[in-house]
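The structure appears below as structure tokens.
The values are calculated or read from the model by the stated rules, or taken from the named source; none is laboratory data. Because the structure is a prediction, the values reported are computed rather than measured. Because the Cβ atoms are built from the backbone with ideal geometry, glycine has one as well, and the counts that use them run over all protein chains shown. Side chains are part of the model used for accessible areas, which takes the heavy atoms of the whole protein and leaves out ligands, DNA and RNA. Shrake-Rupley method; radii C 1.70, N 1.55, O 1.52, S 1.80 Å.
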Amino acid sequence: MPERADDLPPDVDLSVETVAVHAGRPAPNAGAPLNPPIVVASSFRAEGDYEYAREESPTTHALEAAIGALEHGTAIAFGSGMAAANAVLDLLPPGAAVVAPSAAYTGVASRLRELAARGTISLRIVGADDTAAVAASVVGADLLWLESPTNPLLQVADLPACVASAHAAGARVLVDNTFATPVRQNPLDLGADIVMHSVTKALAGHSDLVLGALVVADDADAQALVERRVLMGAVPGALDCYLALRGIRTLALRVDRGEASARTIVDRLAEHPAVSVVRYPGFGTMAAIEVEGGRDGNSADNADVVCRSVRVWTYATSLGGVESLLERRRRWPAEADTVPDSLIRLSFGIESVEDLWRDLDAALRLAVG
Ligand SMILES: *Cc1c(COP(=O)(O)O)cnc(C)c1O
């Protein structure tokens, strides 16, 4: 492993914008490349820092250095966000009790239900924004799984309060920080034990790869999770790690821009005749709206018309890319039935805010005429 994985002065306290630009670079020696090499090798000559790429690999290390610096811990990269999630679930003792939010990311929610149905874990479902219910549910639990804001209802958990009640009950806390991003929230600083990212989304930011990461403060946790990755085989590829690292360079700019557009458009949507509900947590690049039923009263059909009518927005799943995306979440059978049928999730990219507004406004007027 290289000694340095950034070109920053080690004795200066730097902000997230600067860290995003500089973390994960080769040490600043004369002649050093500014970017880490994309090392395409499964095997390395014996008795050095690296041996076999399912265990450790140089380009992955560079990405991990950057994500770790952004989230104030040790990062372990995985082949997807779900692979990261499964590494954590694989460490639970048999019969473990897991507390999870009522509308969590569908992949995680489905996986938790599957493990509960098999009897591998017992599952307790709570509203992430119901701090008292979380406190009651964590008694006797092993793991509190949180998202904040949640996908797609944008509920915000009181993280310090939830962490305090979980730790008092002896439960560990994982926070899926995909929606907030490390530019807006650092859960380890709020007491969480594990931070999870779908790097696929805002961190990589260009809708061109699938990757995940876990970040922990504790060295023993980091070792255990690296071992899960080695044994479960959920390793990322070198090119994807490089692309994700390149995406991270502009993370703070993209979040600032998307958030500014979200604020502007969310305020206008609150007044829009075709919109019944607007959900926005007050920060970040994600929002959700519910569409009115209009004359024929079918709000879900109207939401589908909105999705199919936009031309600047892209009708596609996923989020966090430079392009603004939207979709009606309940088109997915796995989505929680607590999510309203007409709810459209909005992921704000970096296009002109007025182009985004005109496009969405026109699609809404067409759908709810
Ligand atoms: C996409 C997503 C995941 C899953 O990540 P993948 O990279 O698709 O495996 C987990 N949590 C949240 C909040 C997500 O948006």
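Laid out as a table, the results:
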| item | result |
| --- | --- |
| Residue list for segment 72-126, filter: more than 16 Å from the ligand (Cβ to nearest atom), within 26 Å of Val183 (Cα to Cα) and buried (at least 22 other Cβ atoms within 10 Å of the Cβ) | Gly73 |
| Test: residue in segment 110-129 that is touching a residue at least 40 places away in the same chain (Cβ under 8 Å) and either more than 17 Å from the chain's Cα centre (by Cα) or over 22 Å from Asp218 (Cβ atoms) (or both) | yes |
| Pair list, Cβ under 7 Å, 6 or more apart: segment 152-175 residue of a type in the set (Ser, Thr, Tyr), other residue open to solvent by 10 Å² or more (accessible area, probe 1.4 Å) | Ser165/Ala135 |
| Matching option when the condition is open to solvent by less than 50 Å² (accessible area, probe 1.4 Å) and either over 26 Å from Pro93 (Cβ atoms) or of a type outside the set (Lys, Arg) (or both), among Ala133, Ala168, Ala164 | Ala133 |
| Selection count, segment 333-361, where residues are open to solvent by 10 Å² or more (accessible area, probe 1.4 Å) and part of a helix (DSSP H, G or I) | 7 |
| Residue check, Arg330 of a type outside the set (Asp, Glu), surrounded by fewer than 17 Cβ atoms within 10 Å (Cβ to Cβ) and either in a loop (DSSP other than H, G, I, E, B) or in contact (Cβ under 8 Å) with a residue 12 or more places away in the chain (or both) | no |
| Selection count, segment 202-228, where residues are surrounded by fewer than 24 Cβ atoms within 10 Å (Cβ to Cβ) and touching a Gly at 6+ places or on another chain (Cβ under 6 Å) | 3 |
| Pair list, Cβ under 6 Å, 6 or more apart: segment 35-48 residue farther than 20 Å from Ala65 by Cα, other residue part of a loop (DSSP other than H, G, I, E, B) | Ser42/Ala53; Phe44/Tyr50; Phe44/Glu51 |
| Close pairs from segment 178-197: first modelled with pLDDT of 95 or more and within 16 Å of the ligand (Cβ to nearest atom), partner hydroxyl-bearing (Ser, Thr, Tyr) and part of a helix (DSSP H, G or I), Cβ under 9 Å, at least 6 apart | His197/Thr181 |
| All positions within segment 51-60 that are in a loop (DSSP other than H, G, I, E, B) and free of Cβ contacts under 8 Å to residues at least 12 places away in the same chain | Glu51 |
| Answer residue from segment 145-161, given it is touching a Ser or Thr at 6+ places or on another chain (Cβ under 8 Å) and open to solvent by less than 40 Å² (accessible area, probe 1.4 Å) and is nearest to Asn86 (Cα to Cα) among those | Glu147 |
| Segment 171-192, residues that are among the aliphatic types (A, V, I, L, M) and either under 14 Å from Val156 (Cβ atoms) or open to solvent by 30 Å² or more (accessible area, probe 1.4 Å) (or both) | Val175, Ala180, Leu190 |
| Number of the condition not met by Leu356 [criteria: (1) closer than 18 Å to Leu153 by Cα; (2) modelled with pLDDT of 95 or more] | (1) |
| Close pairs from segment 77-96: first closer than 23 Å to Ala65 by Cβ, partner more than 13 Å from the ligand (Cβ to nearest atom) and acidic (Asp, Glu), Cβ under 6 Å, at least 6 apart | Ala77/Glu64 |
| Looking only at segment 283-293, and only at residues there that are closer than 21 Å to Thr106 by Cα and of a type in the set (Gly, Ala, Ser), the one that is surrounded by the fewest Cβ atoms within 10 Å (Cβ to Cβ) | Ala288 |
| Of all residues in segment 149-196 being more than 12 Å from the chain's Cα centre (by Cα) and among the acidic types (Asp, Glu), the one that is nearest to Ala287 (Cα to Cα) | Asp158 |
| Condition met for Arg308 (open to solvent by 40 Å² or more (accessible area, probe 1.4 Å) and part of a helix (DSSP H, G or I)) | yes |
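Per-residue answers, yes or no, for (1) modelled with pLDDT under 95; (2) over 21 Å from Pro149 (Cβ atoms); (3) open to solvent by 50 Å² or more (accessible area, probe 1.4 Å):
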position	(1), (2), (3)
Leu243	no, yes, yes
Arg249	no, yes, no
His272	no, yes, no
Ser276	no, no, yes
Pro281	no, no, no
Arg295	yes, yes, yes
